[in-house]
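The values are calculated or read from the model by the stated rules, or taken from the named source; none is laboratory data. Quick caveat, the model's predicted, so the values are computed rather than measured. Cβ placement follows ideal geometry from the backbone for every residue including glycine, while neighbour counts extend to all protein chains displayed. For accessibility, only protein heavy atoms count, side chains too; no ligands or nucleic acids. Shrake-Rupley method; radii C 1.70, N 1.55, O 1.52, S 1.80 Å.
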Amino acid sequence: MMNYESFLVNIVAGFFATLLKAIIIYAISLLFPNYVNSYHIFSSVFALELAMNAFLAPLVIKLLRGFDSFIVPPQRGID
């Protein structure tokens, strides 16, 4: 079983989520070229966004962990 709270796993998840977002936006821009601006995958702007999303993902996930009690009800033991 994988530890999803690991720092490295969060970085990899942020990296691949950003890549997936760029691919999806590119696919949508092929369908609607006049309305959607796509990324230039090999540009410095995309590389900076990719790095920022990857390295800030653990911080965002850590901050969102504080709201677990509002979203997920606490688990109770079996009586």
Measure nothing but the geometry: give the 0 to 90° angle between the long axis through the Cα atoms of 7-31 and the longest principal axis through the Cα atoms of the chain, rounded to 10°.
40
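Where nothing but the Cβ of Lys and Arg (+1) and of Asp and Glu (-1) is charged, how large is the charge dipole of the chain around its Cα centre, in debye to the nearest 20?
On the way: 4 positive and 4 negative charges, 13 e Å.
Its charge dipole is roughly 60 debye.
Relative contact order of the chain: what whole-number percent is it, with Cα pairs under 8 angstrom and at least 6 residues apart? Could you put the intermediate results ahead of the total?
Values: 45 pairs, mean separation 28.4, N = 79.
Answer for the chain is 36 percent.
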Express the carbon and sulfur contribution to the solvent-accessible surface of the chain as a percent, rounded to the nearest whole number, probe 1.4 angstrom.
71
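Any idea of the accessible area per residue across the chain, 1.4 Å probe, to the nearest Å²? Write out the running numbers ahead of the final one.
Working: 7010 Å² over 79 residues.
I get 89 Å² per residue for the chain.
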What's the angle, to the nearest 10 degrees (0 to 90), between helix 44-65's Cα axis and the longest principal axis of the chain?
10
If you stretched the chain out fully between residue 40 and residue 67, how much longer would it get, using 0.36 nm times the residue separation minus the C-alpha to C-alpha distance?
6.2 nm
Out of these labelled values of Cα extents along the principal axes in Å, (i) 43, 28, 26; (ii) 60, 25, 23; (iii) 54, 19, 18, which was calculated from the coordinates shown here?
(ii)
